[in-house]
Amino acid sequence: MHTALLQSSGRPGDVAHNLRVLDAAARAAAANGAGLLAAPEMFLTGYAIGDDVPKLAEPADGESADAIAEIATRHGLAVAYGYPERDGETVYNSVQLISADGTRLANYRKTHLFGCFERDHFTPGDQPVVQAELAGLRVGLMICYDVEFPENVRAHALAGTDLLLVPTAQMHPFQFVAESLVPVRAFENQMYVAYVNRTGPEGEFEFVGLSTLAGPDGVARARAGRGEELVSADVDPAFLAASRENNPYLRDRRPGLYASLV
């Protein structure tokens, strides 16, 4: 499945503008043969929106979800996007995956909140592994800081995730996560990892870009620079199966030795 990563911060606080950016990216990605487009963490509203988080938060089946379902259907590709999710009085930092026919396939709430901003505005999710079937692949969802916990990604590996989508808001000076950690996570867990970042200054933050689609051999199939960019690469089930056959990490585990981890 050809997979496109939209590296963009859109326009913080302007949902209508960000939907237009997503629509244009979906058009370009589909024209390049992509079956999936992934956008960054909090792409719908912007990340550094402060006390506007609760005002701009929407339910998973809200108006913007309907608009994105229409974009996915019109361009014939699945879309994953980050947004602030409202569930009653509770707000989560979430990512939703919508299929090419407009079906809402999966919704994940960030389980590991990073920094005072996130802890002040969001409630952490409590479901570590969320997956959906897409084009013959088992696609898992995660957000930014979550991927930095090896237990999180290993849980996805043990649950059979083939492609892990990680919308992110990775900021300076932590660019080594995109450069080094993400390819290692893909290798040690024998999966593809799509890490799609924001870029440029936003409020008090400086996002570093460097969006990456890494394969199970630890090699980046696509890597963006520091600016606005749409990059893409293939997620190859045959290569994944061969890599899993040759790499013994998951087969050689000895879970009985790891009880102290939990």
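The values are calculated or read from the model by the stated rules, or taken from the named source; none is laboratory data. Keep in mind that this is a model prediction, so the values were computed, not measured. Reconstructed Cβ throughout: ideal geometry from the backbone, glycine too, with neighbour counts over all protein chains shown. Just the protein is used for accessible areas: all its heavy atoms, side chains included, with ligands, DNA and RNA removed. Shrake-Rupley method; radii C 1.70, N 1.55, O 1.52, S 1.80 Å.
Taking R0 as 35 Å, what FRET efficiency do you get between residue 14 and residue 250 from their Cβ-Cβ distance, rounded to the nearest 0.05?
Approximately 0.20, to the nearest 0.05.
For residue 259 paired with residue 63, estimate the spin-label separation in nm (one decimal), with each label point 7 Å from Cα along the Cα-to-Cβ line.
In this crude spin-label approximation the distance works out to 5.6 nm.
Along the Cα-to-Cβ line of residue 204, 7 Å from the Cα, sits a label point; which residues in region 1-31 have backbone N less than 15 Å from it?
Flagged as within label range: none.
Could you list log10 I(q)/I(0) for region 26-103 at q = 0.16 Å⁻¹, which the Debye formula gives when each Cα is one point scatterer?
The calculated log intensity ratios at q = 0.16 Å⁻¹ are -0.56.
Angle check, please: helix 237-246 long axis (alpha carbons) against the longest principal axis of the chain (alpha carbons), in degrees 0 to 90, nearest 10.
Value to nearest ten degrees: 40.
Share of the chain's accessible area from carbon and sulfur, percent, 1.4 Å?
Whole-percent figure for carbon plus sulfur exposure: 52.
Can you tell me which of 237-243, 165-171 comes out highest on packing, and rank the rest after it, using the mean Cβ neighbours within 10 Å?
Those peptides, ordered most packed to least, come out 165-171, 237-243.
Only bridges whose two residues both fall in the chain count here: according to DSSP, what percent of them are antiparallel, nearest 5?
The antiparallel proportion sits near 70 percent.
Return the loop-located trypsin sites (Lys or Arg not before Pro) in region 191-262 (DSSP other than H, G, I, E, B) with at most 10 other Cβ atoms within 10 Å of their own Cβ; answer none if there are none.
251
Would you mind checking which residues have amide H under 5 Å from residue 134's amide H? H placed 1.01 Å from N; only 5 or more apart, or other chain.
Answer set, sorted by chain and number: 139.
Classify region 115-245 as rounded, prolate or oblate from the Cα gyration tensor: take a ≥ b ≥ c as the square roots of its eigenvalues, call it rounded if a/c is under 1.5, otherwise prolate when a/b beats b/c and oblate if not.
oblate
How large is ³J(HN,Hα) for each residue in region 195-209, as worked out from phi by the Karplus curve 6.51 cos²θ - 1.76 cosθ + 1.60 (θ = phi - 60°), to whole Hz, x for Gly and Pro?
Going residue by residue, I get 10, 10, 10, 7, 8, x, x, 7, x, 7, 9, 10, 7, 9, x Hz, with x marking Gly and Pro.
Would you calculate the separation in nanometres between label points at residue 238 and residue 119, each defined as 7 Å from the Cα along the Cα-to-beta-carbon direction?
Between residue 238 and residue 119, the simple spin-label model gives 5.0 nm.
Sequence gap at least 6, Cα distance under 8 Å: using those rules, report the relative contact order of region 200-262 to the nearest whole percent.
Contact order relative to length: 21 percent.
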